Amino acid sequence: QDRDKNIIAGRQILDNELAPLDINMKEAEKLLIARYNVHSLDEVLAGIGVGDIRINQLVNFLQSKLNKA
């Protein structure tokens with residue numbers, strides 16, 4: 001149950017950060033799954049929601065990989 005709340009919180013945080021950057025979520029999902037060595041985006045979102053994954057580092061990583069910086 002806490003995991004579900006963390007996933008929802010992580011999704012809101014990620015959406016808020018990516019919206020103004022015009023980053024495609026499908027591209028981002030593949031990169032994030034590989035970057036954090038997980039099986040699904042939900043695992044990344046839960047990490048964001050609980051605070052294990054720092055959103056600034058994640059966004060910087062995506063920008064560098066997608067050349068949006």
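Counting just the residues of the stretch 12-69 that are over 24 Å from Gln1 (Cβ atoms) and small (Gly, Ala, Ser), which one comes out modelled with the lowest pLDDT?
Per the stated criteria, the residue is Ala69.
Consider only pairs whose beta carbons are under 8 Å apart and that are at least six residues apart or on different chains; among these, list those whose first residue lies in the stretch 5-24 and is of a type in the set (A, V, I, L, M, F, W, C) and whose second residue is surrounded by fewer than 18 Cβ atoms within 10 Å (Cβ to Cβ) and assigned to a helix (DSSP H, G or I).
From residues that are of a type in the set (A, V, I, L, M, F, W, C), the pairs are Ile7/Asp42; Ile13/Ile55; Leu14/Ile55; Leu18/Met25; Leu21/Gln63; Ile23/Gln63; Ile23/Leu66.
Return yes when Leu45 is surrounded by fewer than 17 Cβ atoms within 10 Å (Cβ to Cβ) and not hydroxyl-bearing (Ser, Thr, Tyr) and no when it is not. Spell out the reasoning first.
On the way: surrounded by fewer than 17 Cβ atoms within 10 Å (Cβ to Cβ): no; not hydroxyl-bearing (Ser, Thr, Tyr): yes.
For Leu45, the condition - surrounded by fewer than 17 Cβ atoms within 10 Å (Cβ to Cβ) and not hydroxyl-bearing (Ser, Thr, Tyr) - is not met.
Does Ala28 count as part of a helix (DSSP H, G or I), among the small types (Gly, Ala, Ser) and out of contact with any helix residue (DSSP H, G or I) (no Cβ under 6 Å at 6 or more places or on another chain)?
Working: part of a helix (DSSP H, G or I): yes; among the small types (Gly, Ala, Ser): yes; out of contact with any helix residue (DSSP H, G or I) (no Cβ under 6 Å at 6 or more places or on another chain): no.
In short, no.
The values are calculated or read from the model by the stated rules, or taken from the named source; none is laboratory data. Predicted model, so just to flag it, every value in this text is computed and none were measured. We place every Cβ from the backbone using ideal geometry, glycine too, and count neighbours over all the protein chains shown.
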